[in-house]
Amino acid sequence: MPTPVAPDEKIAGGAEQSSQAAIVFENVSIAFEGKTVLESISFTLERGETKSILGVAGSGKSTILKLVLGLIKPDQGCIYVLGEEVTSMGEDDLATLRRKIGMVFQESALFDSLTVRDNVAFRLMEENVPEEEIDRRVKEALRFVELENTLDKFPAELSGGMRRRVAIARAIINQPEILLYDSPTGGLDPVTSTTIIELILKQRDVYHTSALLVTQRLQDAFTMATHYFDKKANQMRPLPAGAHVDDRTTFMLLRDGKVIFDGTAQELATSRDEYIREYIS
Amino acid sequence: MEFLSPSDYAKETVLAVQEYSLLAWRAVTNIFRHPRYVADTLQQADVIGVGSVPIVVLTGLFTGAVLALNAARTLQQFGTLALTGQLVSIAMVRQLGPVLTGLMVAGRNASGIASELGSMKVTEQIDAMRALGTDPYKKLVTPRVVASVFMLFFLTIISDLCGLTGGWAVARFQLQLDSHQYWNNAYQSLAFVDVMIGLANPLFFGFIVATVGCYYGMSARGGTQGVGRATTQAVVWASVLILVVNYFVSQLLLWLF
């Protein structure tokens, strides 16, 4: 017979897990205008882990990212981000926490009245970092996304793929501890999508940043699990035949506001659940 | 168009008043909290204040002129044409200067603020700003409110002066009145309470223009159509509130002094 665990020990265990993990969702529910979007969902994103969140449109994927940032508050449940409970935090404390998180929005959400340089430097300018330091770090971030020549351009002068890359540069400018990608390849052609996925992979393998990747494109998520970034060749390569599939990249599938799968690529591919088999086929 | 039940309409109205009050409260309290966006405030002062000078000058000039023109007709019947300066002066400084300046600035800037912030809202730029650790109320709302209150005060003074000048032009060149008599009359007739009402009102009007513009911009939704709707509502409500607040502030000041 298992030894009963005292409630205090349970709480202490939960708090310890929350402080170690990058993100912890505990029974989180939220509804908009009477319609339930997320219903009692729980999951953990470990440090250094990349979790792809999959699901059909309207299944609540983007809502999860906004909850992580504290842009919206859940109706029920607790959310821990880098060990801090965000649901009860005030706007000032949230602003401090958000500086440790990078977010790439679905439509890039670049400030259209600012140049690429000022968009990428926005966070640093807010922190009153010296101009020389800003210029150096902006160039470094733009070099990472291979857009060094766009410094003085405005977002309207860039293509959709370039805007998405600038958004990535803006998100990584201060090397955040967590990165949130909201459909970073949505609406892009296959070649540009691959470039974006390569950048996300590069960030994962070079800086080992914890990340949540919301996507409707299953192939993007599988590319993340079956490829690695070759630093010497400066490009993405498939894992060698017979190599262990990267288990730092996991999958979470949402259906009707509930988590119906949370596991590795291997587990997803071998799932016997009818809906999951249909979804991945 | 969607029809709402009376209870839903009441709830929405109460919610809107609550959200507007919260926005106004945060706009004011942020003045005393770090960080302070001085450069953004100066930029907004340029856009809202300096950018509005031409329309305020033209409005003031022609309002003063038409006031002198119409007043002269009546005053002539009583043989008191010399009082034209007094009439233009009191009307411009106490009421027409502040109200017309407020309405012109509302038309130009409440719409500008609502459309700018509305576009940022529907393209997730406001969320992006929050995600980057910046409070949009501090960065976008407070500088606009401070700039609007500060600049509307000076724009009203410019409008009053232009109105008096327009009145003088009509008095001097059409009515053949003596310039010295006109200006002396205009100056001597102004009492402390006239100047007080005339300069206290713009402070409220500036606050209304900026907060109403920001409120409708920050609560815009539904793409470009939503931005257009927010812009229209911002101008309409800012104008209505200016006229309503003008009555109550004038009443209060007349009672006090």
Checklist line | Test set (1) closer than 29 Å to A:V24 by Cβ; (2) facing chain B (nearest Cβ under 9 Å); (3) crowded, with 23+ Cβ neighbours inside 10 Å; (4) not hydroxyl-bearing (S, T, Y) - A:E107 fails condition number | finding: (3)
Note to self: I'd like to verify a number: residues in region A:110-152 that are surrounded by fewer than 18 Cβ atoms within 10 Å (Cβ to Cβ) and of a type in the set (A, V, I, L, M, F, W, C), how many?
What the structure shows: 4
Notebook entry, point to check: Going by the conditions given, is B:E124 in contact (Cβ under 8 Å) with a residue 40 or more places away in the chain, farther than 30 Å from B:V195 by Cα and either within 14 Å of chain A (Cβ to nearest Cβ) or out of contact with any Gly (no Cβ under 7 Å at 6 or more places or on another chain) (or both)?
Noted result: no
Next item on the list: Look through B:G64, B:G85 and report the one residue that is in contact with a Phe, Trp or Tyr (Cβ under 7 Å, 6 or more places away or on another chain) and closer than 17 Å to B:F173 by Cα.
Entry: B:G85
Notebook entry, point to check: Got a sec? Which of A:D112, A:D92 is assigned to a loop (DSSP other than H, G, I, E, B), of a type in the set (D, E) and within 13 Å of chain B (Cβ to nearest Cβ)?
Noted result: A:D112
Next item on the list: Taking B:S179 as meeting all but one of (1) more than 30 Å from B:L22 (Cβ to Cβ); (2) within 14 Å of another protein chain (Cβ to nearest Cβ), write down the number of the exception.
Entry: (2)
Checklist line | Enumeration of residues in region A:87-97 that are crowded, with 18+ Cβ neighbours inside 10 Å and closer than 17 Å to A:V129 by Cβ | finding: A:A95
Next item on the list: Run down B:F150, B:F192 and say which single residue is of a type in the set (F, W, Y) and either more than 16 Å from B:A91 (Cα to Cα) or within 14 Å of chain A (Cβ to nearest Cβ) (or both).
Entry: B:F150
Margin query: Is it the case, given these coordinates, that A:L65 is within 13 Å of another protein chain (Cβ to nearest Cβ) and not polar (S, T, N, Q)?
Written below: yes
Check: In region B:127-177, how many residues are polar (S, T, N, Q) and without any contact (Cβ under 8 Å) to a residue 40 or more places away in the chain?
Finding: 2
Item checked: In region A:124-172, the residues that are under 13 Å from A:L110 (Cβ atoms), within 14 Å of chain B (Cβ to nearest Cβ) and part of a helix (DSSP H, G or I) -> A:P155, A:A156, A:G160, A:R163, A:R164, A:V166, A:A167, A:I168, A:A169, A:R170, A:A171
Notebook entry, point to check: Among the candidates A:G102, A:G77, which residue alone is in a strand (DSSP E or B), within 9 Å of another protein chain (Cβ to nearest Cβ) and either at pLDDT below 90 or closer than 23 Å to A:F25 by Cβ (or both)?
Noted result: A:G102
Check: Which of the residues spanning region A:195-204 are within 21 Å of A:L268 (Cβ to Cβ) and either among the aliphatic types (A, V, I, L, M) or modelled with pLDDT under 90 (or both)?
Finding: A:I197, A:I200, A:L201
Next item on the list: Look through region B:127-147, keep the residues that are aliphatic (A, V, I, L, M) and within 20 Å of the chain's Cα centre (by Cα), and return whichever of them is nearest to the other protein chains (Cβ to nearest Cβ).
Entry: B:L140
Next item on the list: Name the one entry in B:A82, B:A68, B:A128, B:A169 that is touching a Ser or Thr at 6+ places or on another chain (Cβ under 7 Å) and at negative phi.
Entry: B:A68
Next item on the list: Would you mind stating whether B:S115 is of a type outside the set (A, V, I, L, M, F, W, C), closer than 29 Å to B:V245 by Cα and away from every other protein chain (no Cβ under 14 Å)?
Entry: no
Notebook entry, point to check: Here are some conditions: (1) buried (at least 20 other Cβ atoms within 10 Å of the Cβ); (2) within 12 Å of the chain's Cα centre (by Cα); (3) within 18 Å of B:V149 (Cβ to Cβ). B:V235 meets all but one. Which one does it not meet?
Noted result: (3)
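The values are calculated or read from the model by the stated rules, or taken from the named source; none is laboratory data. Note that the structure is predicted; figures quoted are calculated from it, not measured. Reconstructed Cβ throughout: ideal geometry from the backbone, glycine too, with neighbour counts over all protein chains shown.
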